[in-house]
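Derivation of every value follows stated rules applied to the coordinates shown; laboratory data play no part. These numbers were taken from a predicted model, which means no experiment stands behind them. Every residue, glycine among them, receives a Cβ derived from its backbone with ideal geometry; neighbour counts consider all protein chains shown.
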Amino acid sequence: MTHASEDDPTEGEAAAGAVDPGASAASATAPGVAGAATAGAKTAATAGAEPAGPGAHAHAVLAAVIDEIIERFGGVAHTSVITAARQEYDARRGRVFEDEALWEAWTQAFLEWYVLERPMSEAQGRPAAVQVLEDARRQGDTRRVAAARAWLVSHRSLFEVRALAAGRVELHDLIGGAQFSVCEPRAFAGVSVGDVAEMRLIGFEDEVLFGRTFCYHPSGTRDAIAAQVRDMRAQGGSRQDIVDFCASLRIRCQRYRHVPPARIYAAGRPQQGDGLGASP
């Protein structure tokens, strides 16, 4: 099992770190973005009980830190930055609307990306979470420092669920090829072996844990996704390019329910006359 890098995320590309060696809001303009994050901390994949048992305390520490970061940088004072970030995010992945089933999952994924991966400004060149890390260092809060660093070097990718057991989920990274054994005290409702999802993994306190990004792809699309991964990697596509492109296909499935998901994923970008419409 592999864990997060110990590299200092305040230097270089903070959000490019990963827990494997091969790894490289409400509304976009709404002032209540931070509130949407804390209200939606549970996803469909882990709905139900709060974490308990092994890993529960680590989950609580990580949750407190990410909530602090989002609360600090997701408010009215940062509305213009959030708006620009959401436009950039939607341009890469496709836009999801508030009345759609994907809204909550997309909002959670956006908020993590916004504070952990996207630089707050071109001049600054660092994501918002770095500021919280530096504050924790000045205050001598070693636990908070460790949690903020773990979030900053977390690993977002496309994963196939290989096995489910009490307190443990086994994953295969479809892009990097690494295997992960994730400590997860909550029950994964509605998730089956073979499912593929965009997830964020965090190495913290000698365990690999889940973040809040859970964007599941339809059943039966695993082989088509793997083919897209191979093709995009061969063309020089980055991990983020691949993850975001597959996210756009997930949106397409939501909009074209009369078309089998496997066909949408196999086709990739829509072709004239294929009945799948324009890019989302």
* Between G211 and residues 5 or more places away or on another chain, which pairs have amide H atoms under 5 Å apart, with H built 1.01 Å from N, and which residues are they? -> R200, L201, I202
* Whole-Hz ³J(HN,Hα) from phi, Karplus 6.51 cos²θ - 1.76 cosθ + 1.60, for the stretch 170-187, glycine and proline x -> 9, 10, 10, 6, 6, 9, x, x, 6, 10, 10, 10, 9, 7, 9, x, 8, 6
* **Note, ³J(HN,Hα) from phi for the stretch 111-121, Karplus 6.51, -1.76, 1.60, rounded to Hz, x at Gly and Pro** => 4, 5, 4, 4, 8, 9, 10, 7, x, 5, 7
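Rank these for me by crowding, Y89, Y114, going from fewest to most other beta carbons within 10 Å.
Numbers: Y89 22, Y114 27.
In order of increasing Cβ crowding within 10 Å: Y89, Y114.
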* Exposure proxy ranking, count of Cβ atoms within 10 Å, fewest first, for L164, L209 -> L164, L209
* **Per-residue ³J(HN,Hα) for the stretch 232-242, Karplus 6.51 cos²θ - 1.76 cosθ + 1.60, θ = phi - 60°, Hz, x for Gly and Pro** => 6, 5, 5, 8, x, x, 7, 4, 5, 4, 5
